[in-house]
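Down below is the structure, laid out as C-alpha cells.
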Amino acid sequence: MSTITKRYHFEGRVQAVGFRYATRQITLGFDVIGWVKNLTDGSVELVLEGEEEEVAEFIIELTEESPLSHHIKSMSHEIIPRLEDVKGFTITK
C-alpha cells in the first residue's frame, strides 16, 4: 500500500452546519492525519494523508454516507506533498 496526501475543497452550505466537527468525528474511524478548516470565501479545506484506500473510504463516508453530504454542492481535490510534523487530525482556524 502507498501513502497519499490530498487537499480537498468543498463548496456549498459547508460552514455554520457543524461540517468541521462532523468531519473530525468521522476521522475517528479511519487511520488518517491532517486537518479541516473554514476558508474566508465560505468554503472548507480538508487535507488528508493516509493509505490510498483509507483516504478513498473516508471521502466516501464523508460525501455519500454522512448527513453532511447534502450540504456539499461541489468538491475538488489535488494530490499534494506529504505532510511534515503532523500528528493526528485537527480542526484549524
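Here, each number is a calculation from the coordinates, and none is a lab measurement. Every value quoted in this text rests on a predicted model; they were computed, and no experiment measured them. So basically every Cβ, Gly included, is an ideal-geometry build from the backbone, and we count neighbours across all protein chains shown.
Key figures for this structure:
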{"read-out": "Cut-off 15 Å, label 7 Å out along Cα→Cβ of GLU78, residues of the stretch 18-61 by amide N", "value": "45-48"}
{"read-out": "For the stretch 77-91 versus the stretch 1-42, the gap between their alpha-carbon centres in whole angstrom", "value": "11"}
{"read-out": "Dipole magnitude of the stretch 3-92 about its Cα centre (Cβ charges: Lys, Arg +1; Asp, Glu -1), debye to nearest 20", "value": "500"}
{"read-out": "Farthest positive-ward along the stretch 37-89 dipole, Cα basis, beta-carbon charges - from ASN38, PHE89, SER66", "value": "ASN38"}
{"read-out": "Inter-label distance for ASP85 and GLU11, nm, one decimal - labels placed 7 Å from Cα along Cα-to-Cβ", "value": "3.4"}
{"read-out": "Cα pair distances exceeding 20 angstrom across the chain, given as percent", "value": "26"}
{"read-out": "Two-site FRET efficiency, GLU64 against LEU39, from Cβ-Cβ distance with R₀ of 30 Å, rounded to 0.05", "value": "0.85"}
